[in-house]
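Down below is the structure, laid out as structure tokens.
The values are calculated or read from the model by the stated rules, or taken from the named source; none is laboratory data. All values derive from a computational prediction rather than experimental measurement. Reconstructed Cβ throughout: ideal geometry from the backbone, glycine too, with neighbour counts over all protein chains shown. Remember, those area values only see protein heavy atoms, side chains included, never the ligands or the DNA or RNA. Shrake-Rupley method; radii C 1.70, N 1.55, O 1.52, S 1.80 Å.
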Amino acid sequence: MIKATINGRQEELEQSLSIWAFVKSLPVKSRFVAVAKNGEVVPRERWREAEIAEGDVIEVVRMIGGG
């Protein structure tokens with residue numbers, strides 16, 4: 001188990017996983033979210049290689065449209 005802070009809440013994950021795998025597990029369409037790891041936005045093309053590890057701070061923001 002690893003501990004990471006996700007959207008301001010301490011969470012326990014079974015293992016380290018990629019941002020891509022984590023986002024795919026969420027009930028949102030991945031094309032409508034942005035992810036920051038430890039204060040830096042992770043470009044979508046790096047999601048598969050960027051791992052969530054012990055102590056990381058992850059922020060997932062869902063984009064919403066409006067007019």
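Across segment 6-37, which residue is least open to solvent (accessible area, probe 1.4 Å) among those that are farther than 19 Å from Glu49 by Cα and part of a strand (DSSP E or B)?
Out of the qualifying residues, it is Glu11.
When you go through (1) part of a loop (DSSP other than H, G, I, E, B); (2) modelled with pLDDT of 95 or more; (3) open to solvent by 70 Å² or more (accessible area, probe 1.4 Å); (4) of a type outside the set (Lys, Arg) one by one for Gly55, which number turns out not to apply?
Unmet for Gly55, out of (1) part of a loop (DSSP other than H, G, I, E, B); (2) modelled with pLDDT of 95 or more; (3) open to solvent by 70 Å² or more (accessible area, probe 1.4 Å); (4) of a type outside the set (Lys, Arg): (3).
Looking only at segment 42-52, filter to residues that are open to solvent by 100 Å² or more (accessible area, probe 1.4 Å) and over 22 Å from Glu12 (Cα atoms); which one of those is farthest from the chain's Cα centre (by Cα)?
Glu45
Please identify the pairs in which a residue from segment 7-36 that is charged (D, E, K, R) has its Cβ atom under 8 Å from the Cβ atom of a residue that is in a loop (DSSP other than H, G, I, E, B), counting only partners at least 6 apart or on another chain.
Listed by first residue and then by second, the contacts come to Glu12/Met1; Glu14/Met1.
Condition test on Ile64, is it part of a loop (DSSP other than H, G, I, E, B) and of a type in the set (A, V, I, L, M)?
Criteria met by Ile64.
Only one of Ala21, Ala50, Ala36 is touching an Asp or Glu at 6+ places or on another chain (Cβ under 7 Å) and of a type in the set (A, V, I, L, M, F, W, C); which?
Result of the check over Ala21, Ala50, Ala36: Ala36.
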